[in-house]
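Before any comments, here is the structure.
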Amino acid sequence: MQTQLQELLDKKACEELLIRYGRTLDWLDTAGQAQCFWPDAAIDYGFFRGSATEWVPVVMELEKASLHRWHACNSIIVQVAGSTAKSECYGLTAGSSETEKGALECHVFGGRYLDEFEKRNGLWRIAKRTYIADWAYTFPNGLDDMIKGGFLLNVWNIQVSDHPSYQCM
């Protein structure tokens, strides 16, 4: 029973790490993003191949180019083998940018993350990642029309780290 309990705890730690990955991108938490990976992790997104140390500044600059961003990992499956694990999950990413005419435009990407994790000194982090893009779509952002129509929502353009509503978890 103890072995099964530890496996569940390890799986949960890896799942939370995948969720934290998206959350730290959304809030532009560079330090939090770096903590998702071991510094020597091998990262392959196609347009980028290198270490996590090299990857984090690249991805954070890409994220800062969006007025709004949203990442979700789902259908997460994790297989633990001692102090290593592997996982596959689907990733859905959306970001908004301003067109030349000043309207908001959304870019949505669907893909999957193929990850390998290592537990070092009691901490799980990503040791290897391959991202596979499955589809992409661009369309007008409906927030403009909703707000102009009087349906007011909280809309934050998070462009820098340390937003007052962000809670480090």
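The values are calculated or read from the model by the stated rules, or taken from the named source; none is laboratory data. Quick caveat, the model's predicted, so the values are computed rather than measured. All Cβ positions, even for glycine, are placed from backbone atoms using ideal geometry, and neighbour counts span all protein chains on display.
Scanning the range 110-120 for residues that are closer than 13 Å to residue 73 by Cβ and out of contact with any Cys (no Cβ under 7 Å at 6 or more places or on another chain) gives 110, 111, 114, 115. Count of the range 111-145 residues, restricted to those that are at pLDDT below 95 and aromatic (Phe, Trp, Tyr), is 1.
With respect to residue 98, determine if the residue is acidic (Asp, Glu) and surrounded by 14 or more Cβ atoms within 10 Å (Cβ to Cβ). Spell out how you get there, then give the answer.
On the way: acidic (Asp, Glu): yes; surrounded by 14 or more Cβ atoms within 10 Å (Cβ to Cβ): no.
So residue 98 does not fit the description; no.
Scanning the range 42-88 for residues being over 19 Å from residue 20 (Cβ atoms), of a type in the set (Gly, Ala, Ser) and surrounded by fewer than 17 Cβ atoms within 10 Å (Cβ to Cβ) gives a total of 7. For the range 1-39, a residue qualifies if it is small (Gly, Ala, Ser), within 24 Å of residue 66 (Cα to Cα) and surrounded by 12 or more Cβ atoms within 10 Å (Cβ to Cβ), and the qualifying residues are 22, 32, 34.
State yes or no: is residue 108 loosely packed, with under 15 Cβ neighbours inside 10 Å, hydrophobic (A, V, I, L, M, F, W, C), part of a helix (DSSP H, G or I) and at pLDDT 95 or above?
Details: loosely packed, with under 15 Cβ neighbours inside 10 Å: yes; hydrophobic (A, V, I, L, M, F, W, C): yes; part of a helix (DSSP H, G or I): no; at pLDDT 95 or above: yes.
Judged against the criteria, residue 108 is not a match.
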